[in-house]
Structure formats: C-alpha cells, structure tokens
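Participant: Questions regarding the structure given below will be posed in turn.
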Amino acid sequence: MSFASLGLSAPILLGVAEQGYDQPTPVQTRVIPLALEGRDAIVCARTGTGKTAAFALPLLERLGSAERRGRSRVRALVLTPTRELAAQVADDLARYAKHTPVRSTAVFGGVSIRPQIAALAAGVDVLVATPGRLLDHLGQRTVDLSAVEALVLDEADRMLDMGFLPAIRRIAESLPEERQTLLFSATLAEDVRALARRFLRDPVRVDVGAEEPRHEHIEQVVHRVDKARKRELLARLILGGGWRQVLVFTRTKHGANRLARQLTADGLTAAAIHGNKSQGARTRALAEFKDGRIRVLVATDVAARGLDIDRLPHVVNFDLPDAPEHYVHRIGRTGRAGRDGVALSLVSNDERTLLAGIERLLGHRIPVAAA
C-alpha cells in the first residue's frame with residue numbers, strides 16, 4: 001500500500017514524500033479513503049499512530065482541488081484540546097500543504113490575539129483551534145465559520161475530560177449543518193459516543209487499536225523507591241545511563257516546577273511545562289528539548305497532550321497517574337514508528353494501588369528493576 005494508491009494528488013504526495021513518509025500507517029490506510037468520499041467517521045486511534053495525516057491529507061485534497069474565489073473563508077476546522085497540539089497540527093498541515101494553494105493557521109490562548117486576527121483577516125482555508133480561544137474570536141466576530149465544509153474533533157476524549165463540551169456545542173452552532181465531521185479519540189467511552197451521536201451523521205467507525213501491538217517497542221520497568229528518594233534515583237539513572245532526552249511526568253504543576261529546579265541543581269538541564277506557564281515559555285522549553293539544549297522536560301498530563309517528539313528514548317513516571325489510561329498515553333510518547341523506547345515508573349509504597357490498576361488495564365505485570 002502506498003500513499004498514491006489512496007487517491008491523493010501529486011502536490012500532496014510530494015509534500016508527504018518530503019517529510020520522509022513512503023507508506024501509510026493502518027489508520028491512514030483506513031481513514032483517508034473514507035474521508036475523501038465525504039463520510040463522517042469515528043476513529044479510535046492512539047497517539048503516535050499517524051492520525052494527524054489521516055485527517056490532514058484528505059482535507060488538503062478536498063480544499064486544494066476546489067477553485068479559490070477571492071478571499072477565502074474558513075472551509076475546514078480542526079479542534080484540539082491543547083495549545084501544543086494545535087501548534088503541532090498546524091505545523092504538520094503547513095508541511096503537507098507546501099505544494100498546494102491551501103492556507104492554514106492556528107489560534108490558541110496564552111498568546112496575543114492580534115496576530116491571529118490579522119491572519120484570519122488575510123484569509124485561511126484550514127483553521128486549527130483550541131475551543132476557548134476560538135470562542136474569543138467568535139465573540140469578537142473576527143472569524144467566520146459559515147463556510148466550513150469539514151470539522152475535525154481531535155483527541156475528543158481529552159477535550160471532554162478538560163470540560164470543553166459546552167464550548168464545542170457553542171462552536172457547532174456557528175457551523176453549517178451540512179458538513180463532514182471526523183472524530184478522533186484514544187478511547188470510546190460513553191461520553192465520546194454521546195458526542196459522536198450529537199455531531200456526526202451515519203458515521204463509519206474505525207478502530208485501529210486491535211490491529212497494532214500495544215507498546216511492543218517499549219521496555220516498561222518499575223523502580224520501587226521511597227517517595228523522598230525519587231529525585232535522587234532519577235538523577236542517578238539519567239546521569240549514570242547517559243540519557244540525553246528524558247520526558248518526565250508529575251501529577252501536579254507545583255511538583256513539576258520543584259522537580260525541574262532540583263534536577264537543575266543536580267547538574268542537569270531541565271525545564272517544566274504545565275498550564276500555568278505562558279505559551280511562550282512552553283513553546284521555548286519544548287523547542288530546546290527537541291534540539292538537545294534541555295536534557296529533561298518535566299510535564300503534567302494536560303501540558304504533554306499533543307507533544308510530538310521524534311525518537312524520544314526515555315519516558316519516566318515520577319508520579320503514577322490517578323487514571324490508568326493516562327499511563328498508556330504517557331508511555332506512548334516513546335517507542336514510536338518501530339523505534340525502541342524505555343518507560344520507567346518510580347513507585348513509592350503509597351502508589352501500590354495505582355500500579356495495580358495500571359497492570360490490570362495492561363493485562364500483565366510490569367517488571368521490577370533489581371534494587
């Protein structure tokens with residue numbers, strides 16, 4: 001199977017090839033033809049399966065083949081739960097659209113709204129947005145969604161977890177009833193299915209989870225350690241193992257800040273990202289982490305949604321998450337695209353119940369490192 005066999009045109013195929021992709025992933029193989037037919041779809045796909053291209057490429061195909069008439073109004077809308085994911089999706093769209101006339105931009109909070117207003121006024125075909133900032137633009141009448149032909153709800157489960165359902169409903173009121181809607185979610189809990197019933201018409205369900213081995217390229221290890229000695233163990237593992245790029249998860253924003261400061265004092269370059277950080281600080285920290293200037297990035301679950309880091313070798317759960325599903329999301333940041341990765345969990349006595357819940361979800365015990 002090739003991208004050309006999916007019905008994509010030459011300009012888009014060139015954009016894909018320039019990103020180094022030659023074969024579509026399972027989710028792309030199944031979703032792209034459906035999307036090109038104009039069907040609504042519910043897609044259950046985990047992070048790292050190539051879902052962004054699964055909706056981006058057919059959107060570009062649809063919009064690139066239509067004749068542009070004067071200043072364009074927004075014709076496709078992608079809603080994402082976080083700023084980082086919105087920026088990442090917009091970057092991917094721009095790369096895939098390099099050889100097409102399709103224009104895209106992202107709007108999200110934490111940064112000035114004025115450049116966004118200017119970009120929208122200049123004309124945008126595909127708009128990537130977080131719900132809160134998009135409501136700001138709708139309130140100021142700086143965006144017109146009356147010509148939207150396609151809506152994508154990306155990471156719908158996380159948007160619901162973050163309380164965005166009322167915002168999604170208000171945004172939907174500004175969209176034409178006749179449109180294509182694609183919903184992507186890592187899980188299909190009842191609230192996600194209810195969202196799909198409300199906004200999708202006769203959708204096709206695509207579930208790629210059963211087709212792909214879960215974490216077969218990720219070595220999972222538990223280190224049992226006293227809570228007070230977690231930071232000491234983490235620094236020793238990073239320094240002793242010569243780890244150059246480590247994503248570390250904490251349960252709280254305060255904990256992320258404290259751990260980043262402590263690791264810096266241990267001689268490691270470290271930074272924290274979470275919801276209380278400005279968008280500029282979060283973007284800067286992520287860029288420095290990707291290019292190697294920062295060795296350790298400490299993040300909360302919400303701030304880490306949408307992080308797309310090539311070849312990330314190590315993920316560490318400094319604190320176990322309250323929800324077992326979040327463990328799956330966290331460790332899925334490594335071991336992508338057939339590459340090997342390591343996911344370590346530092347587990348104190350008070351987290352034994354959380355570990356048991358994770359192991360029940362996984363269906364197996366996680367090996368414990370020798371003391």
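Values quoted throughout were computed directly from the atomic coordinates according to the rules given, and no laboratory measurement underlies them. Predicted model only: the values in this text are computed from it and were never measured. Note that each Cβ is placed from the backbone with ideal geometry, even for glycine, and that neighbours are counted across all protein chains shown.
Participant: Test of understanding: what is the full-extension gain from Glu177 to Asp291, defined as 0.36 nm times their sequence separation minus their Cα-Cα distance?
Facilitator: Going from the current span to full extension adds 36.7 nm.
Participant: For region 87-186, report the convex hull volume of the alpha-carbon atoms normalised per residue, in Å³, without decimals.
Facilitator: Hull volume normalised by residue count: 111 Å³.
Participant: Taking Rh as the Kirkwood radius computed over C-alpha pairs, what is the Stokes-Einstein D of region 4-211 at 20 °C in a medium of viscosity 1.002 mPa s, expressed in µm² per second?
Facilitator: 126 µm²/s
Participant: May I have the extent of the alpha carbons of region 10-66 along their three principal axes, as whole Å values ordered from largest to smallest?
Facilitator: Here the spans come out as 28, 27, 13 Å, largest first.
Participant: Counting only GluC sites (Glu not before Pro) that are in a DSSP loop and have at most 16 other C-beta atoms within 10 Å, tell me the longest site-free stretch of the chain.
Facilitator: Answer - 217-371.
Participant: Give me a comma-separated list of calculated 3J(HN,Hα) values for region 16-30, in order, Karplus coefficients 6.51, -1.76, 1.60 applied at θ = phi - 60°, integers in Hz, x for any Gly or Pro.
Facilitator: Values per residue, Gly and Pro as x: 5, 4, 5, 8, x, 9, 10, 10, x, 7, x, 5, 5, 4, 8 Hz.
Participant: When the Kirkwood hydrodynamic radius is evaluated over all pairs of different C-alpha atoms of region 146-293, what value in angstrom, to one decimal, is obtained?
Facilitator: About 19.3 Å for region 146-293.
Participant: Something else: If amide H atoms are built 1.01 Å from N in the plane of the peptide, which residues on other chains or at least 5 residues away come under 5 Å of the amide H of Val152?
Facilitator: Distant-sequence amide H within range of Val152: Leu77, Val78, Leu79, Leu182.
Participant: Report, by chain and number, residues whose modeled amide H sits under 5 Å from the one on Val43, excluding near sequence neighbours (fewer than 5 apart, same chain).
Facilitator: So Val43 has HN proximity to Leu183, Phe184, Ser185, Val206.
Participant: When every alpha-carbon pair in region 226-285 is counted, what percent end up more than 19 Å apart?
Facilitator: Percent of Cα pairs beyond 19 Å in region 226-285: 29.
Participant: Per-residue HN-Hα couplings for region 144-157, Karplus 6.51 cos²θ - 1.76 cosθ + 1.60 at θ = phi - 60°, whole Hz, x for Gly and Pro?
Facilitator: With the stated coefficients, region 144-157 comes to 10, 9, 6, 10, 5, 9, 9, 10, 10, 9, 9, 6, 4, 4 Hz.
Participant: Between Val221 and Met1, what FRET efficiency follows from the Cβ-Cβ distance if R0 is 41 Å, with the result rounded to 0.05?
Facilitator: For Val221 and Met1, the calculated efficiency is 0.70.
Participant: Can you give the three extents of the C-alpha atoms in the chain along their principal axes, from longest to shortest, in whole Å?
Facilitator: Sorted from largest, the Cα extents of the chain read 66, 43, 39 Å.
Participant: Which whole-Hz ³J(HN,Hα) couplings does region 254-262 yield from phi under the Karplus relation 6.51 cos²θ - 1.76 cosθ + 1.60, θ = phi - 60°, glycine and proline marked x?
Facilitator: 4, x, 5, 4, 4, 5, 4, 5, 5
Participant: Taking N as the number of residues in region 218-362, what is its Cα Rg relative to 2.2 N^0.38 Å?
Facilitator: For region 218-362, the normalised Cα radius of gyration is 0.96.
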